[in-house]
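Please read the structure below before turning to the comments.
The values are calculated or read from the model by the stated rules, or taken from the named source; none is laboratory data. This is a predicted model, so every value here is computed, not measured. Here Cβ is always computed from backbone atoms with ideal geometry, including for glycine, and neighbour counts include all displayed protein chains.
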Amino acid sequence: MLKRTKVVSLLAADKPEQQVLVKGWVKTRRDAKDFSFIELGDGSCLKNIQIIANNNLSNYDEVKKLTTGSSLAVTGALVESKGGNQKYEIVADNIEIYDVADEDFPLQKKKHSDEYLRTIAHLRPRTNKYGAAFRVRSELSYAIHKFFHDRGFRYVHTPLITGSDCEGAGEMFQVTTLDLNNPPRTKDGKVDYSKDFFGKEAHLTVSGQLNGEMYAMALGDIYTFGPTFRAENSNTTRHAAEFWMIEPEMAFADIYDDMDLAEDMVRYCVKHIMEHCAEDLDLFNKFVEPGLLDKLNNIVENGFARITYAEAIEIMKNSGHKFEYKPEFGIDMQTEHERYLAEVHFKRPVIVRDYPKEIKAFYMRLNDDGRTVAAMDVLVPGIGELIGGSQREERYDVLVQKIHEMGMHEDDYAWYLDSRKYGSVPHAGFGLGFERMMMLVTGIGNIRDVIPFPRTPNSINF
RNA sequence: UCCGGCUUAGCUCAGCGGUAGAGCAAUCGGCUGUUAACCGAUUGGUCGCCUGUUCGAAUCAGGCAGCCGGAGCCA
């Protein structure tokens, strides 16, 4: 029995073959006098293979009616093409038609807008651009695992459902099995969550970090890579309600180790994609973001700039640039500030560290100056914040005081605080939005177009 | 959530007070080792929804909805 060969292998063949079997979808069909050209793609690569369907095929009448989107199995000889645009093509001796796509198949032989393709997100991976994007997504995901694995990091699966109602990273989606039309009530009229599935309120996780820290305290270097949920009413090109996050955590590490890891990781992944997805990146470079390859090269070759928050404020103050929000020590950096630093001043990714403690999370380590924390953000041209990380506060007393200062309840963090009681060590980590790295690598400008089925406010189709 | 823009044929858009158009797609036919092929014909629209102004509204005004962009929140 003849085994199926993928299009990517056929196009890479070094010699003609007597007989091959290829299966895929019709991208377009053109009739010649005594035969028909079929462009067949199977998603294994950007390019299609050209099929020559001669009129001596037993089902030639049906072949001539094949529409874009139809599915086929083709058996035939792989021969050198007489046409100019491809090395090989297949002369079919048999075409088995799985399904003829209805004539209202919405993907036409032309460019479609991203907005329209979002309304047919179930079909858009069959287009060149989205096929390329999701091959890159798969490869990028592999690159991340490989990067950490090669460095001895362990992959930890932190929970998606959490009982901590305040992980401190945003609004949460509630998870419940109660009947919302008729929930059980306590005596004072409140919803009685002791009757809920977990016996208390539960939510989808907004971060695996706190759990991840516990495993860093045991396995040394760990990372998580999984979905994360934020119920923020954010309507931007950079936010989704469901997204994937990578969160490494290193024991015996400080903020400088953290920055090194972040930079190494981004550069490694970009390099990996440039080497393994060259054809797909060419498409993005041509049609999505002209100059993309130069930008990526720049990241791999030149690395990231590094400054403190205080230095960043000074740079902006002395820049002569008009900011809507005046840069002053103590402000939370606005998008315009981040963009200025990465896009105008440094023209490459920049890592800003040592932020005022008031604008950062409770678990970030207090610096010796008493007014800043060992936090770092990686800011990237075109995207803004790609990574947010910090050295964690490992001192029990300082951490407890911080929890109180921020109006949080010590009891809620009892298990977390245990890690600071039993062999606490300096440690650091960061969170990286996977989709934002996808945007960086592909040049695609909207987060909705780099995740297969995007979830955003008011939108949960497919 | 705030600010701005957009919504007309399957898709991309033009029309901006006088009653609906183009290109592409689809369908049919022709030509052809073609390359998002080419040539001809045909089909296709309560102009987002509601209210108002007007002799007359796709066009002007108000409201609503959806989408897009920017901002905030962040990854």
Looking at A:Ile90, A:Ile49, can you tell me which residue is in contact with a helix residue (DSSP H, G or I) (Cβ under 6 Å, 6 or more places away or on another chain) and under 22 Å from A:Ala13 (Cβ atoms)? A:Ile49
Picking from A:Ala132, A:Ala92, the residue that is more than 8 Å from RNA strand B (Cβ to nearest atom), assigned by TED's automatic domain parsing to the domain that holds A:Gln19 and in contact (Cβ under 8 Å) with a residue 12 or more places away in the chain would be A:Ala92
List pairs: first in segment A:308-334 and assigned by TED's automatic domain parsing to the domain that holds A:Ala375, second assigned to a loop (DSSP other than H, G, I, E, B) and of a type in the set (S, T, N, Q), Cβ under 8 Å, 6+ apart or cross-chain? A:Phe323/A:Gln334; A:Glu324/A:Gln334; A:Tyr325/A:Gln334
How many residues are surrounded by 17 or more Cβ atoms within 10 Å (Cβ to Cβ), more than 25 Å from the chain's Cα centre (by Cα) and farther than 16 Å from A:Met406 by Cβ if we restrict to segment A:352-371? 2
Quick check on this structure: which one of A:Thr224, A:Thr236, A:Thr177, A:Thr228 is of a type outside the set (Lys, Arg), within 16 Å of RNA strand B (Cβ to nearest atom) and assigned to a loop (DSSP other than H, G, I, E, B)? A:Thr236
Kindly establish whether A:Lys33 is closer than 30 Å to A:Lys286 by Cβ and without any contact (Cβ under 8 Å) to a residue 12 or more places away in the chain. no
Considering (1) more than 20 Å from A:Thr205 (Cα to Cα); (2) without any contact (Cβ under 8 Å) to a residue 24 or more places away in the chain; (3) not charged (D, E, K, R), say which one A:Ala414 fails and leave the rest. (1)
Going through (1) surrounded by 15 or more Cβ atoms within 10 Å (Cβ to Cβ); (2) at pLDDT 95 or above; (3) away from RNA strand B (no atom under 16 Å from the Cβ) one by one, A:Ile403 fails only at (2)
Segment A:342-376: number of residues that are over 24 Å from A:Gly170 (Cβ atoms) and among the aliphatic types (A, V, I, L, M): 2
Can you tell me how many residues in segment A:378-407 are in contact with a helix residue (DSSP H, G or I) (Cβ under 8 Å, 6 or more places away or on another chain) and either assigned to a strand (DSSP E or B) or within 25 Å of A:Ala305 (Cβ to Cβ) (or both)? 14
Condition check: among the hydrophobic types (A, V, I, L, M, F, W, C) and under 27 Å from A:Thr237 (Cβ atoms). Does A:Leu341 satisfy that? yes
Leading residue by the ranking (nearest to RNA strand B (Cβ to nearest atom)) among those in segment A:422-462 that are part of a helix (DSSP H, G or I) and of a type outside the set (D, E, K, R): A:Ile447
For segment A:153-176, state whether one or more residues are surrounded by 16 or more Cβ atoms within 10 Å (Cβ to Cβ), acidic (Asp, Glu) and either within 30 Å of A:Gly208 (Cβ to Cβ) or without any contact (Cβ under 8 Å) to a residue 24 or more places away in the chain (or both). yes
Among residues of segment A:306-345 being among the basic types (Lys, Arg), more than 28 Å from the chain's Cα centre (by Cα) and more than 14 Å from RNA strand B (Cβ to nearest atom), the residue surrounded by the fewest Cβ atoms within 10 Å (Cβ to Cβ) is A:Lys322
For segment A:66-75, enumerate the residues that are part of a strand (DSSP E or B), modelled with pLDDT under 95 and not aliphatic (A, V, I, L, M). A:Ser71
